[in-house]
Every structure is written in structure tokens, then in C-alpha cells.
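The values are calculated or read from the model by the stated rules, or taken from the named source; none is laboratory data. As the structure is a prediction and not an experimental result, all values here were calculated from the model. Every residue, glycine as well, gets a Cβ built from its backbone with ideal geometry; the counts of neighbours run over all protein chains shown.
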């Protein structure tokens with residue numbers, strides 16, 4: 001049975017954030033609001049939690065999971081970023097964008113795309129997520145909370161509880177989120193490619 005925390009969207013309660021970090025460190029999967037829609041997140045080094053997360057979403061290893069980072073300095077640890085890419089990242093972060101970039105050797109092979117060796121990364125603007133990442137001290141691995149055979153993400157915390165309370169360890173209620181997922185932009189090649197149109201302004205990338 002999932003735990004259920006009500007967190008203030010602008011001033012998250014520190015006690016509950018610390019408890020959420022403990023749940024993540026213990027191998028838990030957490031539903032948490034972002035600046036786009038709700039996401040499922042877990043510890044990036046916990047192989048079992050990552051496999052459970054993929055099973056809940058019903059996606060295989062070819063589906064890019066996303067590293068949610070506090071800032072650009074963390075992105076540079078996990079992805080190879082040149083000057084052109086850095087300028088685009090700086091203009092668009094924090095915000096509702098997911099970037100596909102070439103993974104560094106720091107990223108476990110099981111987390112990067114099996115043939116392309118790329119990884120999805122983002123810097124969310126949401127206060128709850130930023131506070132969680134700061135307290136955790138490292139990125140989280142996550143994916144948009146879209147259940148199998150569904151086209152739209154879950155956006156209401158009570159609905160998430162009804163669907164997943166026996167499958168995940170914690171639901172963080174930060175209020176309703178947008179129905180729009182992140183905009184996904186592939187920066188791993190010479191050209192900027194739009195892979196998914198969601199929230200945010202694509203004009204930043206010249207698209």
C-alpha cells in the first residue's frame with residue numbers, strides 16, 4: 001500500500017521531503033508532480049526499482065528513461081555536451097523539456113539506449129521536484145506517468161492512488177498537473193530534432 005504525502009507546491013515540507021528521499025534510497029518508486037505532468041521516479045542506481053518502473057509503464061530497454069537533474073552541471077556529468085548544445089540547454093532550462101544526448105561513461109549501460117548509447121535528461125522547474133533533487137543530492141531516473149494502453153498521462157493524485165497504490169511506495173500530492181508531457185528534443189546529432197511536441201516553446205531550438 002502506497003504512502004501518500006500532501007506537499008505544498010511552493011513551499012514543500014522539509015520533513016516529508018526527507019521521508020520521500022528515504023523511500024527512494026530504500027528502493028521505492030514515487031509518483032511526483034513536475035512542471036509538465038506527473039512522473040514515476042526511482043533511484044538511478046537501483047536496478048530492481050528501474051526494472052519495476054519499466055514493468056509499470058510496460059516499456060522495454062529501447063524506451064528512453066529520463067534523468068531528472070538539478071541543474072546544467074549535473075547534466076554535464078551524465079551527457080557529452082558541446083558548446084552548441086550547452087547554449088541550447090542554458091536557454092531552455094529549467095523547464096518542461098527532455099533532451100536526448102550522448103551518454104557519458106558514468107551512465108550505466110542498462111540505462112542508455114542499447115544501440116545509440118544516448119540518454120534522456122531534463123532540469124524540471126517544479127519546486128517540489130527541485131527540492132527533492134536537492135535533498136537527494138543526485139539525479140532521479142523517471143518517466144512520464146502514462147499507464148499501458150493509455151494515451152494521456154495521469155494528472156490527478158487521487159486517480160494515481162486508485163491505479164497504483166499497490167504497485168508503488170509513495171504518491172506525492174502537489175495538486176493537479178498539466179496534461180501535456182515535456183517536449184522531447186534530440187540534440188545527439190548534428191541537427192536538432194523534435195521527437196515529441198509538448199509543453200514549452202520550440203522556437204528556442206529554431207524549430
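What do you reckon, is residue 169 surrounded by 16 or more Cβ atoms within 10 Å (Cβ to Cβ) and closer than 19 Å to residue 5 by Cα? Here the answer is yes, as residue 169 does meet what is asked.
Could you pull out the residue among 146, 100 that is within 16 Å of the chain's Cα centre (by Cα) and in a strand (DSSP E or B)? Step by step, each of 146, 100 is checked, and only 100 is within 16 Å of the chain's Cα centre (by Cα) and in a strand (DSSP E or B). If you go through region 1-16 and keep only what is touching a strand residue (DSSP E or B) at 6+ places or on another chain (Cβ under 9 Å) and modelled with pLDDT of 95 or more, you end up with 3, 4, 5, 6, 7, 12, 13, 16.
When you look at residue 65, is it touching a residue at least 12 places away in the same chain (Cβ under 8 Å), over 20 Å from residue 162 (Cβ atoms) and surrounded by 21 or more Cβ atoms within 10 Å (Cβ to Cβ), yes or no? Taking the combined requirement at face value, the residue satisfies it. Any residue at all in region 5-23 that's farther than 16 Å from residue 173 by Cα and free of Cβ contacts under 8 Å to residues at least 60 places away in the same chain? Checking region 5-23: at least one residue is farther than 16 Å from residue 173 by Cα and free of Cβ contacts under 8 Å to residues at least 60 places away in the same chain. Total residues in region 4-20 satisfying the condition of being surrounded by fewer than 21 Cβ atoms within 10 Å (Cβ to Cβ), in contact with a helix residue (DSSP H, G or I) (Cβ under 7 Å, 6 or more places away or on another chain) and not in a loop (DSSP other than H, G, I, E, B): the figure is 3. Checked across region 33-55, the condition of being farther than 21 Å from residue 119 by Cα and assigned to a loop (DSSP other than H, G, I, E, B) holds for at least one residue.
Residue by residue, here is whether (1) surrounded by 19 or more Cβ atoms within 10 Å (Cβ to Cβ); (2) closer than 12 Å to residue 69 by Cβ; (3) at pLDDT 95 or above holds:
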site	(1), (2), (3)
84	no, no, no
114	no, no, no
120	yes, yes, no
123	yes, yes, yes
129	yes, yes, yes
133	yes, yes, yes
147	no, no, no
150	no, no, no
153	yes, no, no
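Within region 72-87, residues that are without any contact (Cβ under 8 Å) to a residue 24 or more places away in the chain and at negative phi have Cβ atoms under 7 Å from residues that are crowded, with 19+ Cβ neighbours inside 10 Å and part of a helix (DSSP H, G or I) in these pairs: 81/75; 81/89, counting only partners at least 6 apart in sequence or on another chain. Among all residues of region 105-122, there is at least one that is more than 20 Å from residue 74 (Cβ to Cβ), touching a residue at least 40 places away in the same chain (Cβ under 8 Å) and in contact with a strand residue (DSSP E or B) (Cβ under 9 Å, 6 or more places away or on another chain). The number of residues in region 156-207 that are assigned to a loop (DSSP other than H, G, I, E, B), without any contact (Cβ under 8 Å) to a residue 24 or more places away in the chain and either on the phi > 0 side of the Ramachandran plot or in contact with a helix residue (DSSP H, G or I) (Cβ under 8 Å, 6 or more places away or on another chain) (or both) comes to 2.
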